[in-house]
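Reading through the structure tokens given below for one structure.
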Amino acid sequence: MTEKTIAAIPSYPMPNSTRPNRVNWTIQPQRAALLIHDMQYYFLKKYNMDQAPIPELIKNTQALYQACKQAGIPVFYTAQPKDQDPKDRALLNDFWGSGVTAPHFQAEQPIIDALRPATDDILLTKWRYSAFVRSDFQEQLAQRGRDQLIITGIYAHIGCMTTALDAFMRDIQSFFILDATADFSAAEHQMAIDHVSQRCGVSLDTATALVQIQE
């Protein structure tokens, strides 16, 4: 039996709109942190990285990263480890197989070079869809006086959306950057954008986020 894994993802245009947000939150640099979610070669190589939406995803995430660094906003990364016991990986095995832990995928575990973390960035080990599960992410945000989270990365309707929803339940405002995330398809990407905008956070584009960060 062939092991379950993430299939190749076809190119699709980056979404550029969302439904009107239910709340009028804005990014406040003194309250915000940036999350660059699971931007590992293992996940990105499921796409043709030269085709939409990946070049725009990387370019926009780079722009947000630079703006956040200039504004003194802390930057967090998530990445799944290449060493995961099957019992520790648990139900992820049923849906996705052994993932990056498979010997032939371990070389793809690192975060892509274009977004390599700096020495003062914070790397969280990723165990489940939400970045908060089995990590001290919430405590690290609280220590820095941060109760807003700018979310970028992949995959939009899985880890990114789940992290936004989990943040809501922890009284952390989420800002889901619609054109600095990517997904399995345009429809799933748009679903994630709209779900966040209506149920747990704010969805906005990179240009709007940059204006708010730089104010």
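The values are calculated or read from the model by the stated rules, or taken from the named source; none is laboratory data. Please read all numbers here as calculations on a predicted model, not as lab measurements. Because the Cβ atoms are built from the backbone with ideal geometry, glycine has one as well, and the counts that use them run over all protein chains shown. Heads up: the accessible areas ignore ligands, DNA and RNA and are worked out on the full protein's heavy atoms, side chains in. Shrake-Rupley method; radii C 1.70, N 1.55, O 1.52, S 1.80 Å.
Looking at the P(r) of segment 1-56, how many percent of alpha-carbon pairs lie beyond 15 Å? Tail of P(r) above 15 Å: 69 percent of Cα pairs. Leaving ligands, DNA and RNA out of it, report the carbon-plus-sulfur percent of the accessible area of the chain at a 1.4 Å probe. The computed percentage sits at 53. Normalising the average separation of contacting C-alpha pairs (under 8 angstrom, six or more residues apart) by the number of residues puts the relative contact order of the chain at 31 percent. In a fully extended conformation the segment linking Thr208 and Lys69 would gain 48.3 nm over its present Cα-Cα distance, using 0.36 nm per residue.
Where does the charge balance sit around Ser197 when Lys and Arg score +1, Asp and Glu -1, over other residues with C-beta under 13 Å from its C-beta? With Lys, Arg at +1 and Asp, Glu at -1, the neighbours total +1. Entry note, segment 54-143: relative contact order of 31 percent, from Cα contacts under 8 Å with a spacing of 6+ residues.
A simple rule links phi to the HN-Hα coupling: the Karplus curve 6.51 cos²θ - 1.76 cosθ + 1.60 with θ = phi - 60°, which for segment 124-132 gives 9, 6, 9, 10, 9, 4, 7, 5, 7 Hz, with x for Gly and Pro.
Three semi-axes describe the equivalent ellipsoid of segment 141-215; taken as square roots of 5 times the Cα gyration tensor eigenvalues and ordered largest first, they are 20, 15, 10 Å. Annotation: amide H-H contacts under 5 Å for Thr5 (H modelled 1.01 Å from N, sequence separation of 5 or more, or interchain): none. A cut-off of 5 Å between modelled amide H atoms, ignoring neighbours fewer than 5 places along the same chain, links Phe176 with Ile151, Val202, Ser203, Leu204.
Computed 3J(HN,Hα) for segment 19-33, one whole-Hz value per residue from the Karplus formula 6.51 cos²θ - 1.76 cosθ + 1.60 where θ = phi - 60°, is 5, x, 5, 6, 10, 10, 4, 10, 5, 10, x, 6, 10, 9, 9, glycine and proline marked x.
Rounded to the nearest 10 degrees, the inclination of helix 186-199 to the longest alpha-carbon principal axis of the chain is 50 degrees.
For Glu188, Glu215, the ranking by accessible surface with the largest value first comes to Glu215, Glu188, using a 1.4 Å probe.
Quick one: Debye curve from the alpha-carbon atoms of segment 31-135 only, equal weights, vacuum; give me log10 I(q)/I(0) at q = 0.23 Å⁻¹ to two decimals. Debye curve over Cα of segment 31-135, log10 I(q)/I(0) at q = 0.23 Å⁻¹: -1.32. Could you work out how far the C-alpha centroid of segment 11-52 sits from that of segment 101-166, in angstrom? Their Cα centres are 13 Å away from one another.
With a 1.4 Å probe and every protein chain left in place, work out the accessible area per residue of segment 53-196 in Å², rounded to a whole number. Ligands and nucleic acids excluded, the result is 42 Å² per residue. When the inverse distances between all different Cα atoms of the chain are averaged and flipped, the Kirkwood radius reads 17.2 angstrom. Helix 54-71 and the longest principal axis of the C-alpha atoms of the chain enclose an angle of approximately 50°.
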